[in-house]
Amino acid sequence: MKQLISLEVNGDRHEIAVEPDATLLEVLRDHLGLLGTKQGCDSGGCGCCTVHIGDRAVYSCMKYALSAQHQKITTIEGLGADGKLDAVQDAFVREGAVQCGYCTCGMIMTAKQLLHDDPHPDEDAIRHGIAGNLCRCTGYHKIVEAIRTAARD
Amino acid sequence: MALSRLKKFCIPENSHQVDDCVAEYGDNALILAGGTFIRGLEVRGLLSEVEALIDVHKLGMDGLVSGVGNVRIGAMVTFAALEQLAELHSAAWLAAVRDALACPPLQIRNMATVGGCLAASCPFYDLPTAFLALDGSVTVSGAGAQREIGLADLFVSLFENSLEPGELITELTLPRPPGRSASAFIKLEGTANDLAIVNVAVSISVDAAGVCEEARVVLGGGVGDRVVRSATAETVLKGQQLTHEVIEHAAAAVGQDIEPMADHRATAAYRLAMAGVFTKRALNQALSRLN
Ligand SMILES: Cc1cc2nc3c(=O)[nH]c(=O)nc-3n(C[C@H](O)[C@H](O)[C@H](O)COP(=O)(O)OP(=O)(O)OC[C@H]3O[C@@H](n4cnc5c(N)ncnc54)[C@H](O)[C@@H]3O)c2cc1C
Ligand code: FES
Ligand code: FES
């Protein structure tokens with residue numbers, strides 16, 4: 001039976017009726033139309049569903065929507081302001097760190113926390129930091145470069 | 001929707017509400033912490049009987065205390081929160097926990113809890129191997145009563161723990177070891193985001209003359225249906241100076257206490273060989289940390 005819940009996503013509050021086993025990922029995509037957050041493995045193995053709860057990167061496929069109430073959720077759509085890209089998004093564009101783009105939004109959300117915790121990571125720290133995000137296209141090199149660029153700028 | 005029988009999602013604010021939910025749904029009620037193990041079971045279709053999830057995040061259980069005789073870690077402390085324990089970054093005896101915390105990816109460190117990783121009773125995880133090497137025990141409460149369980153008695157077999165229905169792990173206690181002590185943990189994995197082929201945690205205490213007074217050697221990964229303590233290796237170490245030869249001898253002895261398995265990650269023979277190699281490395285690492 002559906003339950004009414006209240007979620008705060010990108011600063012907006014939403015009242016939504018969901019099944020009790022709905023994941024945050026399902027609610028973001030299917031109820032709120034926030035399609036930047038992707039569904040890949042649906043079980044913690046790929047990272048393309050990464051969003052922030054508070055200032056922490058989490059797999060939205062592993063979080064039940066009911067458990068995410070009363071917390072600040074940020075998706076890729078919540079980055080940037082006034083029509084301008086966030087610095088990490090901008091660095092991904094400038095460095096050409098995107099091919100098919102399926103991993104990109106999750107990768108950027110992870111990079112945001114990485115740079116928040118360690119504003120000047122070396123290459124090892126960047127590679128270790130994005131270990132929970134898979135990319136099938138780029139070979140990671142340009143992604144690492146983009147995160148470095150974002151740290152520099 | 002693999003929780004096809006789910007009727008209730010409880011978010012209790014006190015233990016009475018937990019008891020009520022357990023009373024109503026019995027064995028078909030499941031405690032939910034970080035959800036990272038549970039979601040994995042759900043997508044594999046293994047939770048079709050579950051009728052109630054009990055999300056315990058409002059019960060507190062998130063304390064982190066460096067006490068006089070021990071370190072106490074609340075069951076709902078996430079791996080990321082545990083990384084904030086100041087002592088973890090300086091104390092040699094806790095170093096195995098620091099080593100193991102470096103393994104899971106960022107998102108899992110942000111979500112997974114200490115109670116969840118122990119209750120899952122999965123020998124392929126890393127933190128439980130380290131906690132058993134540090135002689136951890138858990139405080140468990142249910143139906144108004146409390147008890148202590150050593151981790152060796154908590155882990156019964158693969159995915160099976162010794163908790164009664166409705167019992168909650170509330171806290172993990174790691175006793176401070178006597179004298180000069182140090183620990184280390186090492187994981188052998190196929191990729192950066194995979195479970196262990198083999199992992200090893202060791203903890204050693206030596207007296208003023210460098211003689212080993214206490215030793216705990218623990219192995220995980222596919223070496224048994226639960227995390228295994230190698231009593232044979234520990235006997236080799238105790239009462240000895242930890243020379244190169246003694247460490248070699250102890251590392252060779254772990255093979256007597258484990259039952260390596262073959263799976264898609266590795267053969268049994270490879271696991272057996274690596275268990276010895278990684279025990280030796282972990283012992284040398286712990287030795288180098290003794291101050
Ligand atoms: C992609 C991925 C990578 C991973 N990598 C690693 C790694 O490198 N190293 C590693 O060690 N682990 C790793 N893990 C495993 C991870 O550590 C566990 O999934 C996690 O610790 C489980 O904790 P949780 O809080 O999410 O538990 P949950 O999924 O909420 O619960 C786990 C089990 O414990 C029970 N439970 C939870 N809390 C309590 C409590 N307080 N009292 C009684 N029962 C309780 C639940 O009912 C359930 O049976 C990984 C997992 C994933 C998905
Ligand atoms: S969809 Fe969440 S980790 Fe793959
Ligand atoms: S750009 Fe295609 S998966 Fe990363």
Could you tell me whether any residue of segment A:137-149 is over 15 Å from the mean Cα position of the chain (by Cα), away from ligand 3 (no atom under 15 Å from the Cβ) and of a type in the set (Val, Ile, Thr)?
yes
Criterion first (open to solvent by 20 Å² or more (accessible area, probe 1.4 Å), more than 20 Å from A:Gly45 (Cβ to Cβ) and either under 16 Å from the mean Cα position of the chain (by Cα) or touching a residue at least 24 places away in the same chain (Cβ under 8 Å) (or both)) does B:Ala75 satisfy it?
no
In segment B:31-57, how many are open to solvent by 50 Å² or more (accessible area, probe 1.4 Å) and either under 28 Å from B:Asp126 (Cβ atoms) or within 7 Å of another protein chain (Cβ to nearest Cβ) (or both)?
6
Find the residue count for segment A:93-107, including only residues that are away from chain B (no Cβ under 14 Å) and near ligand 3 (Cβ under 10 Å from one of its atoms).
7
Among the numbered conditions (1) within 14 Å of ligand 1 (Cβ to nearest atom); (2) touching a residue at least 60 places away in the same chain (Cβ under 8 Å); (3) not in a helix (DSSP H, G or I), tell me where B:Phe37 comes up short.
(3)
Going through segment A:74-127 one residue at a time, which ones are touching a Phe, Trp or Tyr at 6+ places or on another chain (Cβ under 7 Å) and in contact (Cβ under 8 Å) with a residue 24 or more places away in the chain?
A:Val98, A:Ile108
Give the residue, chosen from B:Pro123, B:Pro128, B:Pro104, that is open to solvent by 10 Å² or more (accessible area, probe 1.4 Å) and within 26 Å of A:Cys46 (Cβ to Cβ).
B:Pro104
Give segment A:1-15 a look and list any residue that's aliphatic (A, V, I, L, M) and in contact (Cβ under 8 Å) with a residue 40 or more places away in the chain, or say none.
A:Ile5, A:Leu7, A:Val9
How many residues does segment B:262-286 hold that are over 14 Å from B:Ile186 (Cα atoms), of a type outside the set (D, E, K, R) and open to solvent by less than 70 Å² (accessible area, probe 1.4 Å)?
3
Quick check, is B:Ile258 outside any helix (DSSP H, G or I), at pLDDT 95 or above and surrounded by 17 or more Cβ atoms within 10 Å (Cβ to Cβ)?
yes
Taking segment A:8-29 as the search range and keeping residues that are open to solvent by less than 40 Å² (accessible area, probe 1.4 Å) and in a helix (DSSP H, G or I), which one is nearest to A:Gly80 (Cα to Cα)?
A:Leu28
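The values are calculated or read from the model by the stated rules, or taken from the named source; none is laboratory data. Just so it is clear, the model here is predicted, and its values are computed rather than measured. Backbone-built Cβ (ideal geometry, glycine too); neighbour counts: all protein chains shown. With ligands, DNA and RNA removed, areas are computed over all heavy atoms of the protein, side chains included. Shrake-Rupley method; radii C 1.70, N 1.55, O 1.52, S 1.80 Å.
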